[in-house]
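Since the structure comes first, as structure tokens, the remarks are kept for the end.
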Amino acid sequence: MSDAARPEPICRIGIGYDLHRLEPGRKLILGGVELAAKRGPVGHSDGDALAHAICDALLGAAGLGDIGTHFPDTDPKWKGVSSLLFLERTGTLLAERGFHVAWIDAVVIAERPKLGPHFPSMRQALARALGIPHERINLKAKTNEGLGELGRGEAIAAQAVAALAS
Ligand code: MG
């Protein structure tokens, strides 16, 4: 096929954001990995803010709405489940529409614990759930400089951008 006849590849970008309150007595699950911490996220599922932000970025890029539409927190089916399941289902929805994940970049905003050492296992877990190479996921960490709820360790937030190709 000549270059002129080749259809334009479709590239779509999506953005995702999530925040969860942290309370004692909950496991801190982030990027599909359990971290040692005194507090964990309050949520209907496991409260994995990073997985949720990535999920929303992917759904947004595909024009498929948001995580609340597909996995409502009013549905007992999702109570206490691993958020990696949301990513697995989202990966299937994308594949059904001919999209593949070209790139994911995300930032977690948390005062503690230190996240960098856990990023390799988070990338592995997230990539496995989505069925993509872990090299297509980049993770970053920020503190909130001690300011506000995030800075006081009362909440954890994540932002993500995803690019899809078809
Ligand atoms: Mg959430």
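Couple of notes before you dig in:
- Spin-label pair V42-D73: with each label point 7 Å from Cα along the Cα-Cβ axis, the two points sit 0.9 nm from one another.
- Our coupling estimate for the stretch 35-46, obtained by passing each phi through the Karplus curve with A = 6.51, B = -1.76, C = 1.60 and θ = phi - 60°, is 10, 6, 7, 7, 10, x, x, 7, x, 6, 8, 7 Hz, Gly and Pro reported as x.
- Calculated [θ] (222 nm, deg cm²/dmol) that DSSP helices of n ≥ 4 give over the chain, each run adding -39,500 (n - 2.57): -8000 deg cm²/dmol
- Proportion of all alpha-carbon pairs of the stretch 47-97 beyond 18 Å (%): 21
- Three-way shape call for the stretch 1-98 based on the alpha-carbon gyration tensor, with the a/c threshold at 1.5: prolate
- Taking 0.36 nm per residue of sequence separation and removing the Cα-Cα distance, the K142/R128 pair yields an extension gain of 2.6 nm.
- Counted residue by residue at 0.36 nm each, then reduced by the alpha carbon distance between them, the extension gain from E154 to V81 reaches 24.0 nm.
- Heavy-atom surface analysis with a 1.4 Å probe gives the chain a carbon and sulfur content of 54 percent of its accessible area.
- Put the Cα centre of the stretch 89-113 next to the Cα centre of the stretch 139-155 and the gap is 22 Å.
- Given their separation in residues at 0.36 nm each and the Cα-Cα distance between them, D66 and D105 gain 12.3 nm when the chain is fully extended.
- Label point at E88 placed 7 Å out along Cα→Cβ; residues across the stretch 119-143 whose backbone nitrogen lies under 20 Å: 121-134
- Accessible area of E135 in the full protein assembly, 1.4 Å probe (Å², nearest 10): 110
- Sorted peptide list for 74-83, 15-24, criterion being average Cβ within 10 angstrom, highest first: 15-24, 74-83
- Within the stretch 11-165: Cβ-based charge dipole about Cα centre, in debye rounded to nearest 20 (Lys, Arg +1; Asp, Glu -1): 320
- For E23, distant residues with modelled amide H under 5 Å away: G40, V42
- Leading residue at positive end of dipole, the chain (Cβ point charges), from L139, G25, V108: G25
- Average accessible area per residue (Å²) across the stretch 11-165 - probe 1.4 Å, nucleic acids and ligands excluded: 49
The values are calculated or read from the model by the stated rules, or taken from the named source; none is laboratory data. Keep in mind that this is a model prediction, so the values were computed, not measured. For neighbour counting, all protein chains shown are included, and Cβ atoms are generated from backbone atoms with ideal geometry for every residue, glycine included. Each accessible area value is taken on the protein alone, full model and side chains, heavy atoms only, with ligands, DNA and RNA left out. Shrake-Rupley method; radii C 1.70, N 1.55, O 1.52, S 1.80 Å.
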